[in-house]
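The next block holds one structure in the form of structure tokens; read it before the comments.
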Amino acid sequence: MVTVLEEFRLQSRFCGEFGSPFTGQLLARCADDIAAGGIVAKLTDGWPGHPRADAVSLRVAGALHAAALTGRDPALAAEYPGARPDWSMDRVWPIARNFLEREEAHVRDFMKSPPQTNETARATGLACGFLWLAERSPQPFHMLELGASAGLNLNWDRFAFAHPPWGRAGLAGPAIPTLVEGAAPDWRNLEIASRAACDQNPLDPANPDDRLRLRAYIWADQTARMERLNAALDLARMTGLMPEKADAAEWVRARLAGDLPAGTTIIYHSVFLQYPPAPIRDAIRDGIETAGSRTTPERRLAWVRFEPESVIGGERGSGSYVLNVVSWENGHRTEATLAEVDPHGRSMVWRA
């Protein structure tokens, strides 16, 4: 198992590689503090779960970003990228460390909840999967999202995608900047009859505390991601769509019980399946596969997965993320990997 210190080092490198030098440097200082037996070592000592799966480093970073966003620590807020583009970790870290020491109880409470980012930039990959299905499957579509956090990607078709052939500018939703290579499907207006989602800890886009938690987990120097999140939160508050609080395996089983509705039912998720333990992943798969065996030409089922390749049956050591679609008609199962995708939705290479 990866140790807490190793998790901080790994996440620091990952943040740097994914365009957040601020968070990368912050977590590197936290890792040094763990090695020296400082406050971060105290906060994470005896961590009860798996440090990597629990993203313990991002919980600390989220607590600090929340303090800067709310002005809970004015000195910290004044040195964070939002207020000071010429930030310096030499200035930031002493203030951050003092905050962690002074507000230890508050930080511990913040760290109890897992990170939730609800990355809307993944919507380009998901949309391509849905549009690909629309060329092959009957409508209307019935959309069911797993691990949906605040349900922001339930509104995927209301986003302003930057992919030029789609011409999706000027909409109320966030502007999704994904760079698409290859002949991705053309945009078409879909008939969506229903939308629903679940999460173990759903967040309410209209709740100020929940909005803060989502904003706190955006890396502090990535202003474009913050702008997308804010726009998506406003859109979700307007549409009123919000996930149900439920275990994903139980929710899938209940939602797919009995006859499927006319059209195509689509189960989908993005960078979710790596987090549930293996028995829950197996139960989700079994529930979907069982429902797939009952499909007809008029009542179909599809499973759209934006996930690490290794989690959905690919090479165990693969570091790639893929867009994969499984579909059923008359009980017959087909599967296709459509694209390679960036986990933050920065780019996509269409392969189908």
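Only the coordinates and a few stated rules stand behind these numbers; no lab work does. Note that the structure is a prediction, hence the values are computed from the model and not measured. All Cβ positions, even for glycine, are placed from backbone atoms using ideal geometry, and neighbour counts span all protein chains on display.
When Tyr275, Tyr321, Tyr80 are arranged by Cβ crowding within 10 Å, least crowded first, meaning fewest neighbours, the order is Tyr275, Tyr80, Tyr321. Computed over the range 4-110, the Cα gyration tensor eigenvalues convert (square root of 5λ each) into semi-axes of 20, 16, 12 Å, ordered from largest to smallest. Computed on the range 199-352, the Cα convex hull volume stands at 141 Å³ per residue.
Please report Thr239, Thr290, Thr295 as a ranked list, fewest other C-beta atoms within 10 angstrom at the top and most at the bottom. Show your work: numbers first, answer last.
Values: Thr239 16, Thr290 13, Thr295 22.
Going from sparsest to densest Cβ surroundings: Thr290, Thr239, Thr295.
Using the number of other C-beta atoms within 10 angstrom as an exposure proxy, rank Lys42, Lys245 with the fewest first.
Numbers: Lys42 14, Lys245 11.
Ascending Cβ contact count within 10 Å gives the list Lys245, Lys42.
Comparing Cα centroids, the range 138-170 and the range 225-271 end up 11 angstrom apart. In plain terms, the C-alpha convex hull of the chain casts an average shadow of 17.1 nm² when viewed from every direction.
Per 0.36 nm of contour for each residue apart, how much would the distance between Gln139 and Asp204 grow if the chain were fully extended, relative to their Cα-Cα spacing?
Numbers: separation 65, 0.36 × 65 = 23.40 nm, distance 2.95 nm.
Computed gain between Gln139 and Asp204 is 20.5 nm.
Local charge for Phe130 was computed over the other residues whose Cβ lies under 14 Å away, with Lys and Arg +1 and Asp and Glu -1, and equals +3.
Under a 5 Å amide H cut-off, with hydrogens placed 1.01 Å from N, Phe161 pairs with Arg168, Ile176 among residues at least 5 apart or on other chains.
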